Structure formats: C-alpha cells, structure tokens
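Taken together, the values in this text are just the output of simple stated rules run on the coordinates, not laboratory data. Predicted model, so just to flag it, every value in this text is computed and none were measured. Positions of Cβ are generated from backbone atoms using ideal geometry, with glycine treated the same way; all protein chains shown enter the neighbour counts.
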Amino acid sequence: MKLPLPHPNHVLLAAALGGLTLAAPTPSQASVRAAKSLQQAADPIKGRVVDEKGAPLPGVNVIVKGSNNGSQTDAEGRYTIQAPADATLVFSFVGSTPQEVAIGGRTTIDVALKPDTKELADVVVVGYGTQRKADLTSAVVGVKEESFVKGATRDAGQLLQGKVAGVTIVSPSGDPTANTQILLRGSTTLNSSTQPLILIDGIPGTLNTVPPEDIESIDVLKDGSAAAIYGTRGTNGVILITTRRPQGNITPTIEYSGYVSTQRIARSPQMLTADEYRQKLAEGVAFTDQGSSTDWVKAISQSPLIHVHNLSLRGGNGKTNYLVNGNYRYFEGIFQKSNNRTFTGRADVNHSMFEGRIKLNAGILSSDNKYDATVDGGLYGNGGFNGYTYRQAILRNPTAPIDSANGRYAQQFTLFNYENPLSRIYESAGENSSQNTRLNGSLVWEPIDNLQFKGLVSNTRYDQTRGYSENKEHPSTLRDLLNGYASRGTTHVDERLVELTASYNRTIGEHRFSALAGYSYQQNTSEYYYLSNYDFPTDLFTYNNIAIGNALRAGRATMASDKSSFNLVGFFGRLTYSYKEKYLLLASVRREASSRFLGAEQPWGTFPAVSAGWRINKENFLQNASFIDDLKLRVGYGVTGTAPSQSFLGVARLGFGGNFLSNGRWTPTLGPSSNPNPFLRWEEKHEANVGLDYSFLKGRISGTVDYYVRRTNGLLYDYQVPSPPNLFTSTTANVGSLENKGLEVQLNLVPVQTKDFVWNSTFNFSTNQNRLLSLSNELYQLTNEFFNAGYTGEPIQTYTHRVQVGQPLGNFYGFKVVDVTNDGQWIYENRNGEQVAYNQFGHDDGDKQVLGNGLPKYYAGWNNNFRYKRLDLGVTMRGAFGFQILNFQRMYYENTGVTQYNRLRSAYEPVFGKAVLNTAMPLEYNSYYVENGAYWKVDNITLGYNFQSNLVKYIKNIRVYAATLNTFTITGYKGLDPEVNRIGLDPGIDNRDKFPTVRTYTLGLNLTF
Amino acid sequence: MKNFLPFARVSMLATAGLGLFGSCTKLDDQSYNQIVTSQFTPGAADVPAIVGSAYVNWRPLYLEFQGVYRINETTTDETVTPGRPNGWVDDGSYRRLHQHTWTALDPTPNFAWEQAYGGITKCNQVLFQIQSNSLVIAAADKDQTIAELRVLRASYYYILCDLFGNVPIVDRFDVPAGFLPQQSTRAQVYDFIVKEIRESLPQLSTTVSTATYGRFNNRWAAQALLAKMYQNAQVYKGQADWANCISACDAIINSNNYTLEPTQASVFATQNQGSKEIVFAIPFDEVYATGFRIHMQTLQPQNQLTYNSQGTMWGGGICAIPQFINSYNPSDNRLKTNWIQGQQLTAAGVPLNGSFGSNAGKPLVFTNTLPSVVLGSENDGFRVGKFEIKQGVLVDLSNDFPLFRYADVLMMKAEALLRTGQGAQAATLVTQVRQRNFLANPALATVTAADLAQGSSYPYGPANNNVVSPVQGGADIQYGRFLDELGWEFAAEGHRRQDMIRFGVYTTKSWLSHTPNGAYRTLMPIPQNVLNTNSNLKQNPGY
C-alpha cells in the first residue's frame, strides 16, 4: 500500500497534533518529530549522480541534511535513500562542489555534480595581499590548520614539519626553550642567517610570537619570484603565518583546545653502568670504584608534565567583529629545572564603515614568558638548561655517590672539568622572564571600487629580565672560591613598522589586471644590560641584592651594556595580468636601503622579479581531457638580498680596547675596530624556478613539481686580506658565489573515498645540491680557495669542516682512518693514499681529507590521514638521506685512554670489527666518528574522535585525541638522534652537550561552544 | 563628475604621500658603542689611549695561548708540551712543535704574524695621524712620541725578523688601494730595524720612571732591543756585529739606572713593576690587562688548592725536558725557584693526590721524568715556576713579563766579549749574574774564561722512556758552557730558541722525542693564510 506523500500541510497538522499531545514543545521541535514519525513510512528516494559530462560518479556521499542518515552511489552512480519528503539531500564528492537538493515530494532525484573549483578559488596569502591559487605563478605552498602536526608542538615551525617539499624543519634539541630550525631550499649563504622571514599577519616576528594553537594557516613563499616583493628580507623564503581571524557575520563562538603531555628521552646515551664499570675495573682498566651505583642521566631527569590551554572567543557581524584569544603553555623538560611557561593574550577587532569604504583593524598581542635558567645568560644570552650539566651527568663515574657523608653533594674537584651535575642544578637559581607586546592597526580606504589604500603600523616591544646565581655550595665557591656568584641581565628590543600600500584591480573582458605600490619602513633598536658580582656575605638573596657582593668593591665584578639600531626603507610595486585565466603574468620590484650600509657607497639595492603561468588545461586541445582538473606550468625569476648583521662595516671606526699602562695608570686604548669596506653591498640571491601544478581525477591526485636554481652572488663573509697593509687580517666583503639547485615533488592522493572511510595521503620529496662556485673576485684573491669552519672544542681543539670552492658546503674535513692494528692503534690514509700507522703519522693538516657532508641530499615526507566515521588517524613521517653526522659523543666518550670519566659501552666494540681501541690513542677527530646519518622518522601519530554534534547541551563540537611526537626513528646512526643541526658552515655536528631529543605523548581535547 | 572627486582626493593623497616618503628614507646613522672615525677629532686627552693602542698587541703576541712564547720555548731542548691523560694532543700541533714538523698551516706561526703586523699597522696608523696632524700632540712631546712609535714598530719587526726572517716592510699607513707589500730579505729587515732604532734613540727619554715603564719612549729599552739585534746579527744578517752589541749594552750599564736584584725571584714577583732589573717589560694585571696564563698551562688541576686559585689549572701542558733539568748544577738555586717539583701540597700544606688512571689516589709528585712527547702522566715533568703565583690568584697573573732585563744586558755583553776573545771579562760578567744563585756555596758561582770555552753539559740525544740513547752530549758545541749559562738564567723566559739557533744547536741536536729535521727549521714558515692573500710573498726555503 502506498501512503500519500507527506504534504507541508500534513506536517503542520501533525505538528499541531504533537503540540497537543506534548507539553508545549516549540513548533520546530514538533516538526522534526513529526517528520521522523513519517520517515519510516516514506518511499525510498532513488536517483543517479553523474558528473558535468554525464559520466556516472561512484562513491558520492548522499546525506539527509541535518541527520546521520546517509548512503552512497554505486558503480553506476545510483543511490537509494530513505528520507522525509520535505527533507533536503546533500550530495558530496571529492573534487566536486557539494550540492543540496530539496526533495520536494519527489522519489527520483538525478544530480549532475559540478567540478569543485573551490580548491582553485582558494586564496593564498602572498606578499602584501592574497592571490587566488589559480592565479599563482610562483612556488607558494599553503598549509591549513587541519593539516598541521598535532600534539605538544613547540612553535609554529613544528606545525609544518615534513609537510612542505623543500622546507626542512628540524627540532635538534629537546630543551623546552629551544625552537625549531628551518632551512628552505638549502644553505644559500656563508655568514648570514638562514632563518626565513616570518610574518605574523604581515608583521615581522618569530616562530613563537603566537602560540601554535592560535594559527589558522601558514603559507610559505619558496621561490625568489614570490619572495622578491620582500626584497632584502626574503632570501631565505617567507613564512606567512595567519592567526585565527574574525570574519564576516559570526555568532559568538567559544573554542577551547587543550592537551596534556609527557615526554621521555628519545634514546639514552649508553654509558657504562656501575656494574659494567666495575667489571672493566676488574679487567684492569684504571677506573676508580667509589662504592655506589648511580645512573647519572636518570638522576638529573624527571617525568615532565606539559599542559596547554587555548581559549578563543569570536563574534560580531558584517560590520564589527572581534576575536579574543588566550593561550597558556606550561612545558617541563626531561631534565630537572628545564621548563618554559608562556601566557599569550591576543585581541583583534575589525570594523567596517561607510558602506565598506573604510575598514579598520586593531590588534594587541601580549605574551609573558618565564623559565628556569641553569646557565648565566651573559650580555646577550638566553639559555634555559645548561648543556654542560648534561655533559657532567654523562661523564661522571657511575660508582660515584650523589651525596657525600655530610649530606652535601659529593664532589671530586681534582679532576679537570668535573662537577656533580645535581649540584650545578640545585645550588644555582635562575629565571629568565620576558614580555613581548605587539600593538598593530591598519586602515583600508576604498575610495572607488577596486582601488584600495592601506596603511599598517605596528610596534613590537620585547623585554627580557634575567637573573642567575650560584650559592656557596656550588662548585664556583667550593672549588673556585667565588664565595657566591650572581648576575643580572636585560634585553630590550623595540621594532616599529609602517607600511603604506595602494592596490588596484580591474577586469576588462577576458583581461584581468592588478597593480600594487607600496612603501615600507622598519626600525629596530636593541639594548642590553648585564652585571655580575661575587663574594657575597649570604646566599639568602640569590641575585636580588647584587650590590652586597664584595667583588664589586675589589674591582672584579663585571658590568656591560650595549645598544644598536638599524632601519630598512623600501619601495615596492607589483603588476599581475591574466588573460582568460589561461596566461598569467606577474612582475614586481622592490628598491630598498638599509642603514647597515651607512658609509658604504651604495646602500640601495634593487630586487626585481618576474613570473609567468600557463594553464594548459584551459587550452582547446585539452578540452576533452576530462580527467584533468588543472594543469599549470609556472616559470619565475627573482632577486632577493641580504644585509650584513652589523652596522658601520663600510666606514672606519674606532673602539675602546685593551688597557695600556700609561704613567702608572691603566688606560683603555682607542684603536681601529675593523678594516672599513666602502664597497660593501647587498648579498644577492638570484633564483629561477620552473614549476608544474597538477590536479587530476577531481582532485584525487594533485600536487606540484618544482625545479629551482638559486645562485647567491656577493656572499658576505669575513674574507682574508693581506695584513699588512690592512689593519686586520679579514674584511667583511661581498666576494664569493654559491649555487643551490634542487627538485621538489609534492603529491597529494585520495586513495580511498567512501562515506565512512577516507584516506588522504601526501607525499613530498626534495633534493638539494649545493656548490661553492667562487671565493675570489678582482679585489679579494685567495690562492687556496678554501677556509675552515667548525670546532671540536677542547681537548681536541681543531676545526671540523672545510668550505672549499667547487665543493658543497658542509664538508667534514679531517684525518681518515682506514683500519686498526691488532692492538687497536689507528691506521690512517695519508695524502698519497698510503696506509700509515699511528706512530708514523704526522697528523699534518695536508693529510686531512673530505670525510663526508653534513647536509642531506634528499628529503622525503609521507603523511597520511585516515577517517573512519568519527574516528581519524594521522601519521606524519619524514626522512633525510645522503649525509653524514659527526658523532661528538662517540668521539669523546669511546676513548679508552681517558679513565677519569665514564665512557660509552660502545668503546668496547672492536674498531672495524678488529680490536678495541688502544688506550694509547688520544682523543681525536677522525673519520671513525663520521657516520651515515640517513633516517626515516615516524614523527606524529594522532588518533582522534569527533563526538556527535550537540551531544552535550551548549557544546557544538567535541573532539578528543591522543598523539605522539617523534614516535620512532629508523636509522643506522649510533647517536641519540640523527636529526641534528643543519644551520651554518658546520652542519651535521651532533654536539655532545646537546639537550637530547624527546618523544612526546599527548592527550588532547577540543571543544566548541 | 561623480567619479572625478575620489580621483582628486587620491592624487592629493599621493602627493602628500610622496612628501612623506622623502622624509622617511633617512637611514639610521646613530652609532652607540663605537666611534665613526670621520666624525671624531681626537684631543690631547686622547693621546695616551691612541698611542697605547699600538702597544696592546704585545700582550697576546707573546703570551696568548698560541703566542710567541710557545714557539720560543716548546720547540727547544728546554720545555715541551706532551700529551697528557686529559688531552693536550690538540691535533698534534704541540707534538709538531717539539719534533720540528710544523707546517705553514699550524696555528702558532699564523698567530704571531697576525699579532705582530697588527701592532705594526697600528703604529703606522698612529704615526700617520700624528704626521698629518689629525692627532695633535704638543710640540714638546711630538718628536718623542714619533720616535717611541718607530721603536715600538721596530720591536714588532724584531719578532718577525726572528721568527720568519723574510717579511715585507711596511712603514706607512697611506698606501694606495690594492697595495700589496713586497717581501724583504731578512738582512733588509735587520737593517731597517737597526736604522729605525738608531734614528729614534736621541729623541727618547733617558729618565727611568713610571712614564717610561713598559714603553719604548725609554731610551734604555730601545738600546736593549738594539743590543738584541746586534747579538743576533750573524743569524739575521749573516754578519756579526759584536762591537755594536757591546756599545749598546754599555750605554745601558753606564746609565746606572739598572742593577741585578738580590734574588732572581724578585724579578718575577707578582708585584715586579719598577724592578731595578727590568729594562723593558710587558705589563700585565689580573684585572686590567689579562692574558698571563703560563701557570694555567703548566700545572695540574689539583694545584688549584695549592694557590687557592679561582681558575682550575688546565692539566699540565708545558713541562721541563728532563735532560735540560739534568744539566743544572744541583746547588743552583734557580733549579729550585724556576721549576715546580716534588710532592704538591695544598695551601695549608696537605699533600695532594693524583687523579688519573693508576695514579689516582696516590701522591701527586712532579718528577723529572717524561717517557716521550706522546703521553706523559700527571706526575711527569717539572713545571714552570719562575713567575710567582700568588695565593688567591684569580685566573690571570699580575706579574709583568720582563722582555729585556739587566741580567740579559750583562749576558749579551758577556757573549760579545767571549766571542771577540775577551773571555776573562766575559767570565766576570757571567759570575756576576750567577752569584745570587749560589749564596749557600759562593765558590760555585765563579766561572772562568776556560769554563766558558768548554762545550755544553746538556746530555743531548734522543730519549725514550727516560733513557737517552744514543747519547750525543754537547761537548762539541762551541761556547756550549755559555749556552748552558743562558739556559739556566733565562729558563722559561722565551729566550731558548733564539739562543740555540745562535749557537747552532737548534737544528743539529736531538733531545726527548726530537731529532734534527732540517736546518731550514730555524725560520718558521710564512703562514699559509698570508701567502694566500699576498701573491708577492714567497715561502721560506725548505717549506
């Protein structure tokens, strides 16, 4: 029997009836119930879903709007679903625009889905504005919140780890005060920073200016043609961080996200335990048994607690809207007294008036940061946990007791550089606290349609206060007789920015133009104070009453201050043109001057860029290739620059230096500070980029391929010059040139897409090849074309790397051991390739050779997201290949001749499988400690569950998740973590004092009210 | 017209904006911590600070970790930096110094070159400032200041002449852009130094006071430098000049400004400034002018308790070569005062124990032993104790480092007399210097011309595990006894290399782990860094 189709009037009737039977329900509740009561009786609705060309679409999700009732199309694109006659069906499919169709009493509903151009219509934040993704002509990658790394992320950098091809982000330290390191498309400089320009809503900042939970998206301008609009600051790429913003008409919404985490050391150094140590002693090693059993690394460790809370409130209407965000981060590290606490508050208000002709924005951001310091920060320093304390824990005798009989920490000061690590932690007190406050505002005036003037001002002030003290039980008094030590220091940085831009857009038929012109002024002032004192009458005041120390009166206290400032003035313009969205063109230029060049002949530099794109799929010959959603070829070229990090290098300067005994009085002398270089100019990076953006099969397969060549000319460095006649043996100059080239592939796949189960997989791969082309020019001639870099530290005291023309940066350079004798003495390979025994080997610099390279040649990442119904699982993995690591821990702690310190268990592994190292072999830097660094890291695993909406009254969304970070690493590297420092001229050094990396476990909760 | 108005407003704004741009392109030109030279006119009060800047290099040049002291001491038969249980191998650089296998890439010669020329270029700059009147000095002082700076510059060239020989002479600051100095021969460098000093002498002060202490405005300091040049004329120029050496020494002796201290130790005391024996010293101070750290390099960490020092000593780098110690007469007081030896004690007199290996817990006793340059124990070798280490020393010593002292003047004259056939007069001077060291047994102080004509008592020959084999001895060294006298009197003062070269021993004899490695080793190689930047320079022969 067929029931009549429910008619709206019937529903109303039913509602009325319901209203009579139930105690005063609202009409809408009544109608829902009524609909449900009729649902069972309704006929199933059937239909077929096709694409725009009429081909059937399998796997399309069909859902009754506002319910959990859903179905899916079969191979023929057919579906069946039970739904009330007045309901609305939602058809959704990856790569297509979701479509809503009101049933309106029908039983058969056929739908043609249109390809989703949303992906292409997405805007990407580019320099001084946004661009439609479709219009991009350069290598720009945007990562949205949902793709971020989840869990206890330390800063914005970690959110992107492994996500973007060509952008390698490492967290080489487990210190909760440490930041991630970003290296974009290789090392392009010798001396300058490799840190990309980080803009937070257009204002320069750092990776931790805003907490990760307050970030909505991050866009990375990779190639020179994109970054050139930022001229001198864009050489290392630009990372544009967009915070959560109020937009449009929003009902007041409160979002809470929070998590608790704990950490474990990712891998512990395998030093001899007390038992093993005693066994070696029994075997004749000249160790000393002190009668106890202590695991020193454990003794300084703790089970850390981390908890983070983020609360944001958004609301407003089309005219005025606002956002308030509060974030508290409490981090403890794996070592005692290693921690970091930050509260960040941010408010942002938008107002639009005069029919949208004027738009105002005002923002305030303030963060309070505090952490324990076990290191004296000095004049410029920061420093959380003292790496030297960790060193003391590693090398301390495992049979030594923690406490001595008198209840103090047991010490043994007659051994050089040997201190009880716990005494270093607990007989010192230190705290660094800082406040970072940013005020910003902007005004947009649109006098006529398509023409906009914008003014943006911001002021960022950073103030840090440091205090550090060592009491009278600290080695500094027990051994060095300081009788109590204290220091204080401050850092103050003030940064101002003014940016004025005018932009104009116009579309004439198939031609679309945009133009931008602007002016930018940035001023930065830094001030530092520091003082220290010792010989205190009491420990009571730690560093808070520093004047009572007697060293001040004896003339032995230290005091220092410094101040510097610089500014940057830039003018810029950009034109874009597109024809039929098929042919795209962009040209920009920035002209910029820096006060760093004051006194030099040319402080101004010009940084042009041009790029073009061709949407091949819009051509007629591809009209029928329906599997192609997008295919775009891009070509770009751009120039960016770098200024030296010091001012006044172009002019002769005098500075006060060492004292001179003048008539019985010590007088500070006034002498030249450096060789002036009036020809100092911008270091310039010229970058060419060819790229292909592709998207096939309704977005099931998409991605980009880029190839770049970056050449840095006029490399700034302190070049060797002849002295005499020069005052000093080096001059900061623009001499060498360096090349980086590489390929980047990004592939996004949706291998499975069903109603209940979706699998997204993204894969990225990149290569980087780096070569120093020259170290000479007409003014600076080097006959040997190399210089050395890196340092082993004492007691080995030699350089570790060589920077040589024709070679890549990062080459390890030292003695090569090829074998050992049967009694464990090194056998080297000399400069002639001959094997030479230890005692015959002169250890001459000429016998050193390249032992490897610390910069990876290949990087890869593979990220997967699975969603099954309400359950989701994310796994991010990344790896680096083709590089070596100099393992300092092995170099220092595998030596068998050093008996006053503990050693690694691996010291007893036969060298080259032949013999344990002879005790007569001194500590030495050689190829045996240079290891293959290749690794594959399963980093972030997140398992989450989204509860049904409105499960709890007033709460719209609930999500819980569990995550791990740095989960495990597959590597042959013997050290703690192959992901080591890659910055600077000595990359690949795994420093022995490095705070070990950690594995993090997190439980998190997100709520929306 | 409706659309016109906004455009007008825009253009007005643009005009205003352009005006704004003009004032916003100014570059920040404030220097907060250094003086931009072109914006600075020095006054009379700045003269000591500016002139003094040219002296500052002497401190690191001589005593910095890789300073000239290390070359002049540890390449010789007197001291060595052996490997120790806690390190001191440092890429083999100390061992290469001992075995005369250093290269142009070694850090020590490079450091000396940089510091010496750093001092020279500063002298040139200040001279240029004075001569071009950009630094105005009172007329009465001008000539003396110029003369002082010329001698100071000559003193840096003396180090270069002694170490490298064939170096470029640059005596002016206002050189054209891209100027690359030409290399001079060692003889030319010698002549230049002698000429500079001689021309300057008349303008220098004859008064010895705090105003001339540690400076070359002191005529006698300049004379001592001149005497040093003449003493080494045969080596530097290939032609001896003993007569001039004697007259330079006589000028100092006859000025009656200097005498021998009653004890040698007082020349090296913490408060040795103003000692009547010091002709020229490099002033140091634990607070104002740091860098005197020989004790940090020579002592064991435990010795921190001996002196209640604020710094932990670095673990025993430099020590005496046992063969050298064996050459002393056991009654010579200098054997005890110049070398730290035997059981080490805390300041309170409690014996200290060893820390390393089988030595741990056993008495820390510095013995006159050393198996080889490769590895010494913490007990091996007597340590440098010539310079007083005061109780409660910070990290740096306040002792001034005497570069020229009166005993040296007497011995230079004695050598000149000895080599010109006036042995008896030479012996008188040598005896005069010896006397204070044999107070308990004065007869032993006396030496005769016949004694001085004898060879050396140094038991030369390669030594392994404290056995010298084969024994070469020093009997064949002409005036070897006089060389021994120089060794005993000036031990650990950085004289030895020069003296050994002058007596022909430096590259011909063996000691400890050293065997002769070529006569060319009397000159250091010109550092590779320097050759890289100045194509006019040629490496010294042999390297």
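The table below gives the values:
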quantity	calculated
For residues of A:841-852, the mean tally of beta carbons on other chains within 10 Å	3
Modelled FRET efficiency - R0 35 Å, A:Trp666 with A:Glu431, Cβ distances, 0.05 increments	0.45
Relative contact order, percent, chain A [alpha-carbon distance under 8 Å, six or more residues apart]	11
Residue-averaged beta-carbon neighbours from other chains (10 angstrom radius) around B:526-533	5
In sequence order, calculated HN-Hα J values of the stretch B:318-331 (Karplus, 6.51, -1.76, 1.60; Hz; x Gly/Pro)	7, 9, 6, 7, x, 4, 5, 4, 5, 7, 5, 6, x, 7
Gyration tensor (Cα) of the stretch A:588-689, equivalent ellipsoid semi-axes in angstrom	57, 13, 7
Estimated distance in nm for a label pair at B:Glu199 and B:Thr25, the labels positioned 7 Å out from Cα along Cα-to-Cβ	5.1
The stretch A:529-609: antiparallel DSSP beta bridges as a percent of all, rounded to 5	100
Pairs beyond 29 Å (Cα-Cα), from A:Lys133/A:Lys359; A:Lys222/A:Lys848; A:Lys319/A:Lys454; A:Lys144/A:Lys632; B:Lys276/B:Lys336	A:Lys222/A:Lys848
Qualifying aspartates and glutamates (Cα of each under 20 Å from Cα of A:Lys857; at least 8 residues distant if same chain)	A:Asp223, A:Glu687, A:Asp706, A:Glu739, A:Glu744, A:Glu931, A:Asp977, A:Glu979, A:Asp986, A:Asp990
Virtual spin-label span in nm between B:Asn353 and A:Lys914, 7 Å along Cα→Cβ	3.9
With Cα atoms, 0 to 90° folded angle of helix B:242-254 axis to chain B main axis	80
A:Arg245 paired with B:Asn256, simple spin-label distance in nm, labels 7 Å along Cα-to-beta-carbon	9.3
Spatially proximal aspartates and glutamates relative to A:Lys563 (Cα-Cα < 17 Å; intrachain offsets below 8 disregarded)	A:Asp463, A:Asp494, A:Glu495, A:Glu527, B:Asp28, B:Asp29
Cβ-derived FRET efficiency at R0 60 Å, B:Thr446 paired with A:Ile548, nearest 0.05	0.50
Exposure proxy order (Cβ contacts within 10 Å, fewest to most) of B:Ile35, A:Ile508	A:Ile508, B:Ile35
Extension gain, A:Lys46 back to A:Asp110 (0.36 nm per residue minus Cα-Cα distance, nm)	22.2 nm
Other protein chain Cβ atoms within 10 Å, averaged over every residue that makes up B:351-359	4
Between 0 and 90°, nearest 10: helix B:107-131 axis offset from chain B longest Cα axis	60
Sparse-neighbour loop sites [trypsin sites (Lys or Arg not before Pro); the stretch B:170-271; at most 12 other C-beta within 10 Å; DSSP]	none
Backbone N within the stretch A:989-1009 under 18 Å of label point (7 Å from A:Arg264 Cα along the Cβ vector)	A:996-1003
Within the stretch A:457-473: backbone nitrogen closer than 13 Å to the A:Arg496 label point (7 Å, Cα to C-beta)	A:457-461
Under 25 Å from the Cα of A:Lys337 - lysines, other chains or at least 8 residues apart	A:Lys298, A:Lys370, A:Lys472, A:Lys994
The stretch A:264-368: GluC sites (Glu not before Pro) falling in loop per DSSP and having at most 16 other Cβ within 10 Å	A:Glu283, A:Glu355
The stretch A:580-660: GluC sites (Glu not before Pro) falling in loop per DSSP and having at most 16 other Cβ within 10 Å	A:Glu581, A:Glu601, A:Glu619
Area projected by the alpha carbon convex hull of the stretch B:317-424, averaged over all directions, nm²	10.0
Cβ-Cβ FRET estimate between A:Thr606 and A:Ile448, R0 fixed at 41 Å, reported to 0.05	0.85
